[in-house]
1. Could you go through the range 372-377 in sequence order and give the Karplus-derived ³J(HN,Hα) for each residue, using 6.51 cos²θ - 1.76 cosθ + 1.60 with θ = phi - 60°, rounded to whole Hz, and x for Gly and Pro?
2. Taking the Cα centre of the chain as origin, work out the dipole magnitude from +1 charges on Lys and Arg Cβ and -1 charges on Asp and Glu Cβ, in debye rounded to 20.
3. Determine the gain in length on full extension of the stretch ILE99-GLN391; use 0.36 nm per residue of separation and subtract their C-alpha separation, reporting nm with one decimal.
4. Take the Cα coordinates of the range 207-296, assign each an equal point scatterer, and use the Debye formula without solvent to give log10 I(q)/I(0) at q = 0.13, 0.24 Å⁻¹.
5. Before anything else, pin down the relative contact order of the chain: Cα pairs under 8 Å, at least 6 apart, normalised by residue count, whole percent.
6. Given charges of +1 on the Cβ of Lys and Arg and -1 on the Cβ of Asp and Glu, with all other atoms neutral, how large is the dipole of the range 312-374 about its Cα centre, in debye to the nearest 20?
7. Please say if the range 314-405 is rounded, prolate or oblate, where rounded means a/c under 1.5 for a ≥ b ≥ c the square roots of the C-alpha gyration tensor eigenvalues, and otherwise the choice is prolate for a/b larger than b/c and oblate otherwise?
8. Enter the angle in degrees (range 0 to 90, nearest 10) between the Cα long axis of helix 130-141 and the first principal axis of the Cα atoms of the chain, meaning the one along which they spread out most.
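Values in this text are rule-based calculations from the coordinates and carry no lab data. Keep in mind that this is a model prediction, so the values were computed, not measured. Positions of Cβ are backbone-derived with ideal geometry, glycine not excepted, and every protein chain shown enters the neighbour counts.
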Amino acid sequence: MTTNESSVEILARGVREASGVLYDSSTAAKNRLLRAIMARLRSKTAEVLAANREDVEGARREGLSGVLLDRLRLEEDGIRRMLRGVRDVIALPDPVGRILETVKRPNGLKIQKMSVPLGAVGIIYEARPNVTVDASVLCLKSGNAVLLRGGSEALNTNRVLAGTLRTALEDAGLPPGSVGFIDSMDRESVAAMLRQREFLDVIIPRGSSQLIAYVRENSAVPVIAHGEGNCHVFVDASANLRRAGEIVFNAKVQRPSVCNAAEKLLVHGKIAVKFLPQIAERLKCAGVELRCDPGALALIPDGRPATESDWSREYLDLIIAIRVVGDVREAIDHINRYGSHHSDAIVTGSRANGERFLRSVDSAAVYVNASTRFTDGFEFGLGAEIGISTQKLHARGPMGLAELTSSKYIVHGTGQIRR
């Protein structure tokens, strides 16, 4: 066993042991912990921001893209958002110990399904230092211990945040090992983490498609993947075009570096002549590159021809691909073929088309007359999120407290035996 694997195993073992303590912790004890985290985070704000500036400067020197720099940068608003997220999670009901179902059998047995923590959760993530706090807070409130492995670009920030979390655990009288942090950027540490099936119950990767593919292909631990976001907005023939313009612009431009930003625009042929030149001009003024199919290119002559690979790409940048379609069915087929099953929207004045879109688009979040930018744990009222799952097993969409629980059956009898 390498030194790296040995140190990761020690951390994973500590997380497993701490998960048993958290399992038995009361809601009041967990909320006291979250309040201690808020207090420690406030006191460490200057240190966190200084570490983050160091990370951002280092990343800029290394030539990281503007997309990654945007995800890496915290600033005071990022700290305020973290604190708001912790406060919201405190206010949420404890998901642990809820009775989900009750069945009374003819033989008198009372069988109930009860929610329980997943146990020991591993998080592997890139660039976003807010994940260190968001993921930890959600895990702790749901009775889970967590092992964190962040990206090298955010090492200084994550190191300060993880230390702050461990100090808060000590303040609350809970095991500091409830939040483990792999303070190594050696790639072997990720591989070692993926081998910890004796101690970890699940791995949740957040980051590039390359990272997620690597984790899925190499993990001995079950994986819940944060999927990439090839998100669509479809403007139907009956859409209010002013509303459609606002939704498309917001979904693409408000923050293009995130997974719920729109990457594709589909427009019904009946309104393309009127709508496309208007929205194209507005997007171009915001610096958006337009990649067009032949139908769209005829109406946006200074656009760039789209290639087949464009339809399945997540840009995370000021780029959008545009296609003219014949009807809602063609839009749905396009999305289900090329999309990443993350977030997709229809802008329409037809209730029937809206309901058809909601029913038939196979994505984690489907919208009628709203921007895809709302697919977010904070916006969905979850306080924060541990990721946005595009899988169908266990969890789908923004993962909050409830998605960090499993279940067990508890059975009450009066002496029944099976014959």
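1. 5, 5, 7, 6, 6, x
2. Rounded to the nearest 20 debye, it is 1500 debye.
3. That pair, ILE99 and GLN391, stretches by 102.6 nm at full extension.
4. -0.53, -1.21
5. 19
6. Result for the range 312-374 is approximately 120 debye, rounded to the nearest 20.
7. Prolate.
8. Roughly 50 degrees between the two axes.
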